[in-house]
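Here, each number is a calculation from the coordinates, and none is a lab measurement. All of these numbers come straight from a predicted model, not from anything done at the bench. For neighbour counting, all protein chains shown are included, and Cβ atoms are generated from backbone atoms with ideal geometry for every residue, glycine included.
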Amino acid sequence: MAFGIAKGVKDRRPKSPSVRPRFRRPRFGPHIPITGPGASLRASPDGGGIFGGSRPLIDERGPGGHLAPQGVRTRSIVVLLPALNEEMAVGSVIERIPMESLKRAGYDVYVWVVDGQSVDGTPEVARDRGASIYVQSGAGKGNGVRQALDHLMNDRSRQHISGPRLYVMLDADGTYPPEQIPEFVEALESGCDVVAGSRLRGRVEDGAFTSLNRLGNEVLSGFARFLFGFPISDVCTGMWAFREDALQHFRLAAESFDLEADIFASACEVGAHLKELPVDYACRIGEAKLIPLRTGLLIAWRLLMRRLNPRDIRELQRSPVTTQVGRAVDQ
């Protein structure tokens, strides 16, 4: 079942910052364990959230693009919702995910709220809607998402989730449209490795962007274009989708709101097939947590450091690196 992709999207391969590594999609191995709906997990106190070991690169074909066998469609979608004190918005975000249309198309859908140790009712609201909860160790959006990905992709002590798998990430504050998840899924199934939702190419609700935030985003996106050579229009977007076999090659180290810049740099570094889709952007529900100037400098620094310190192709060709994040345990 095709969902259809919005018109006018950009579909260009990013230029590698240095040597373009050549990689092969690993064959899909054993199913990745996952808990059932309503589970609540907590990262161990010493979990550092180090994510991004590489796989051996043995294919001589060019990087980027979908190298999975023709006709193989993904069976599972994992929706990640990073959240910190979002009890007013997280419930409606979960309810707006088009579960029925995705299930009719043959997908199993799993919703995971990555909780940044909320002190309000965020976990309870999410659990009541059938989501699973992952309580991160330490602070920061980047830390939480990396820890959750480590758990979902590596933990083999829990029930299985069928593969191959797609991951869709969007903020839990009501700003991004869960209704557009099928468009991201279709783009991934059509051959993309990574899909980014561009707010600046979509409809922006009045008041959703301050003038300062818009200006800062345009400056940072221009900086990213200059450094990596890919015409990204919204490097700070909070809505992304990934194929797991591409995600396994990423080298993520962001701890805070520089996560999105880290994702973009990783996609460019491995030569992933990256596409932008326009997304609608609404006013957030609840209090904003981002400090514009400090966050902007953090994002610019992350982009610069990733460009100046690209991963050597010899490192990409080593065996997978064991991550150091602690396993989550039942709460």
#### Entry: All-pairs Cα distance distribution in segment 102-173, expressed in whole percent, bin size 5 Å
3, 13, 23, 26, 20, 11, 3, 1
### Message
Let me spell out the model: positive unit charges on the Cβ of Lys and Arg, negative unit charges on the Cβ of Asp and Glu, origin at the Cα centre of segment 101-238. What dipole size does that give, in debye rounded to 20?
### Response
260
### Glu100-Glu287 pseudo-label distance in nm [points 7 Å out on the Cα-to-Cβ vector]
3.8
### Task
Between Ser190 and Arg225, with labels modelled 7 Å along Cα→Cβ, what's the label distance in nm to one decimal, could you check?
2.2
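Could you tell me what % of all Cα pairs in segment 124-252 have separations over 19 Å?
Cα-Cα pairs in segment 124-252 separated by more than 19 Å: 60 percent.
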### Query
Using the alpha-carbon centroid of each, what span in Å lies between segment 265-287 and segment 134-155?
19
